[in-house]
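I'd like to ask you about the structure that follows.
The values are calculated or read from the model by the stated rules, or taken from the named source; none is laboratory data. Note that the coordinates shown come from a computational prediction; the quantities given were computed from them, not determined experimentally. Backbone-built Cβ (ideal geometry, glycine too); neighbour counts: all protein chains shown.
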């Protein structure tokens, strides 16, 4: 009788152990399947992200390549400004712009805008690292907020992006700047800049500005007129070419002085 009890006890213990082993095996199988599912999901997510990145690179590169040969009219800046004026309820007068070739813009104006906005334009690759560093230090110290945008960066912003100071827009601006410096010549960058730059509320581009303020084509602008146009570029909706303040006059004289220091042949090496 005792032997039978021992056998029965042993059998129950063995059955319990088998059930325990089976349960552990099933738990491990479920965990393994879950890990495989997560891994496959992450791989799909990574692949989708790579596809999106590749599409972004291809589309933005194609847009910049297209505008190497075709003028970007209207620019993103003009579209945004048109919407801004409409939102303010201002009278619907068309924005003024007349695209002209690089050769149809007076040499003094080319030199003036480079002098005023980006004197290292002929030699940098889209970014003035020294100016960026100085701007960062100054802003961190609480000084008057200043930027370090090169002409290439301003073209990227004005042609392709929206106004603002978000990190997203800054990142896109840097990306488009790299594309511009890769696919366009310096001459093309400066040509587009001079044709899309804003000179007052409704005037965009050198030709429209020359006609608006001096009643002459951009090809006939003299040094003083060119320096005055360049002087208002930092804030064309605040400063006025037709009624320059003392500050704008001072800035105009500084630009003229810097133009003499740089010399008339400063931009002679820009490639086509």
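Looking at residue 182, is it modelled with pLDDT of 95 or more, part of a helix (DSSP H, G or I) and more than 20 Å from residue 114 (Cβ to Cβ)?
yes
What is the one condition in (1) out of contact with any helix residue (DSSP H, G or I) (no Cβ under 7 Å at 6 or more places or on another chain); (2) within 25 Å of residue 82 (Cα to Cα); (3) in contact (Cβ under 8 Å) with a residue 40 or more places away in the chain that residue 204 does not satisfy?
All conditions are met except number (1).
Of the numbered conditions (1) within 25 Å of residue 185 (Cα to Cα); (2) part of a loop (DSSP other than H, G, I, E, B); (3) modelled with pLDDT under 85, residue 144 fails exactly one; give the number of that condition.
If we test residue 144 against (1) within 25 Å of residue 185 (Cα to Cα); (2) part of a loop (DSSP other than H, G, I, E, B); (3) modelled with pLDDT under 85, just (1) comes out false.
Please report, ordered by residue number, the helices (runs of 4 or more DSSP H) entirely within segment 185-246 with at least 3 residues that are under 22 Å from the mean Cα position of the chain (by Cα).
Once the helices (runs of 4 or more DSSP H) in segment 185-246 are filtered for at least 3 residues that are under 22 Å from the mean Cα position of the chain (by Cα), what remains is 186-196.
Hey, any hits in segment 185-197 for a residue that's surrounded by fewer than 21 Cβ atoms within 10 Å (Cβ to Cβ), touching a helix residue (DSSP H, G or I) at 6+ places or on another chain (Cβ under 7 Å) and touching a residue at least 60 places away in the same chain (Cβ under 8 Å)?
yes
I would also like to ask the following. Please determine whether any residue of segment 126-145 is surrounded by 15 or more Cβ atoms within 10 Å (Cβ to Cβ), touching a helix residue (DSSP H, G or I) at 6+ places or on another chain (Cβ under 8 Å), at negative phi and in contact (Cβ under 8 Å) with a residue 40 or more places away in the chain.
Yes, segment 126-145 has at least one match.
Yes or no, residue by residue, for (1) closer than 30 Å to residue 195 by Cα; (2) at pLDDT 90 or above; (3) under 60 Å from the mean Cα position of the chain (by Cα); (4) in a helix (DSSP H, G or I):
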site: 4; (1), (2), (3), (4): no, no, no, yes
site: 33; (1), (2), (3), (4): no, no, yes, yes
site: 54; (1), (2), (3), (4): no, yes, yes, yes
site: 61; (1), (2), (3), (4): yes, yes, yes, yes
site: 79; (1), (2), (3), (4): yes, yes, yes, yes
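Go through segment 86-116 residue by residue and tally those that are more than 16 Å from residue 252 (Cβ to Cβ) and outside any loop (DSSP other than H, G, I, E, B).
Within segment 86-116, residues that are more than 16 Å from residue 252 (Cβ to Cβ) and outside any loop (DSSP other than H, G, I, E, B) number 8.
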